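The values are calculated or read from the model by the stated rules, or taken from the named source; none is laboratory data. What you see is a predicted model; the values in this text were computed from it and never measured. Heads up: the accessible areas ignore ligands, DNA and RNA and are worked out on the full protein's heavy atoms, side chains in. Shrake-Rupley method; radii C 1.70, N 1.55, O 1.52, S 1.80 Å.
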Amino acid sequence: MNMPMLLPHPHQHFLKGLLRAPFRCYHFIFHSSTHLGSGIPCAQPFNSLGLHCTKWMLLSNGLKRKLCVQTTLKDHTEGLSDKEQRFVDKLYSGLIQGQRACLAEAITLVESTHSRKKELAQVLLQKVLLYHREQEQSNRGKPLAFRVGLSGPPGAGKSTFIEYFGKMLTERGHKLSVLAVDPSSCTSGGSLLGDKTRMTELSRDMNAYIRPSPTRGTLGGVTRTTNEAILLCEGAGYDIILIETVGVGQSEFAVADMVDMFVLLLPPAGGDELQGIKRGIIEMADLVAVTKSDGDLIVPARRIQAEYVSALKLLRKRSQVWKPKVIRISARSGEGISEMWDKMKDFQNLMLASGELTAKRRKQQKVWMWNLIQESVLEHFRTHPTVREQIPLLEQKVLTGALSPGLAADFLLKAFKSGDY
């Protein structure tokens, strides 16, 4: 039975009393200032009157709250002007039609640090996310795209490999998107963004899209918006997404939380198997490819392959259905690259069949959410009026050695907690 009622100031004793009532389901409307006992706030307001709609299910094991206010596209677009709405609609319609210019503009929008543009970007992402979900449902719940992280030390031949590999995939009817993350200078803040210039043939291919993005100082080289860019590329119809990272150590762990498969490229001079174990990134790899396996480098490439096969045996198993493989490839002669793609497809099919891929993607969504929360909280902390006033003084004391970094951090955190909101 449903019982609607208006409660300007509901009391927790009233709610407890409902547990003894014969009704099984209630709908309440609370005023926007309402809190439900124990400091639990109501749902977010859903109209201009500042009212909340909350659905309470009374179960045998206690009180379970279920919000009947769901986030809808209308909630996101209410604050947009007509011009902004037309702009977002233009980007969205062009994006889902596969227009490269609209995809490029959409990625630029999500990369923007301007507060208003960030809001527009979230509206666009919500529209694309709904479209993406509909497409997946029509695909019997299977992912629309295969996300592959690609990393390796400088000089491993990543750009050369991507060009040969990408051309092979587009010739087989695939649409490929390459998100190349380029490190920003700590001194000047700039980036070369030169990865695209190395892939001359692939950059002219209409079924391939290459997007270099600066890290802007992000540790490890994965940009804040890489996840959003992946979603936009999938919305534009690209079925294979390659994320090329800087390869400095930390980026591999970050990119592993946003891809289905992580591939590590190593040159045929990567040290012995002990170095392979010490290099923690090997633990994240689903496939290790020893590059430049041609000419005089075939013998050292075989040696490195054997040593890494041995090193992988000592690492903890991460999947129930897949064991990491070590192969040799050459982007110059093309040797091993077709076989490499076959192994990547085997990985995708096994992970899909076992359900591990679906579980992995769900976990990645949660990680993505918390990463964004951490970034937003840090930004809120830095811009807090009380903290902002104290930062220069405390930084100076830390520089002169008058105050330890830990104590300075404690002072700032106390200032943040005690500040007025």
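Under 8 Å for C-alpha pairs, at least 6 residues apart: give me the relative contact order for the stretch 365-419, rounded to a whole percent.
Details: 20 pairs, mean separation 19.8, N = 55.
With pairs under 8 Å counted, the relative contact order is 36 percent.
Taking the stretch 256-392, how much of its Cα-Cα pair set, in percent, is spaced more than 28 angstrom apart? Distances greater than 28 Å cover 37 percent of the Cα pairs.
Are any of the pairs Lys127/Lys363; Lys83/Lys118; Lys158/Lys313; Lys292/Lys325; Lys127/Lys175 more than 19 Å apart by Cα-Cα distance, and if so, which? The answer is Lys127/Lys363; Lys158/Lys313; Lys127/Lys175. Taking a ≥ b ≥ c as the square roots of the eigenvalues of the Cα gyration tensor, the stretch 323-389 is oblate, since a/c reaches 1.5 or more and a/b is not larger than b/c.
When the solvent-accessible area of the stretch 365-419 is split by element, carbon and sulfur atoms take up 63 percent of it, the probe being 1.4 Å.
The residues of the stretch 365-419 expose, per residue, 74 Å² of accessible area to a 1.4 Å probe. Volume per residue for the stretch 73-138 equals 84 cubic angstrom (convex hull of Cα atoms).
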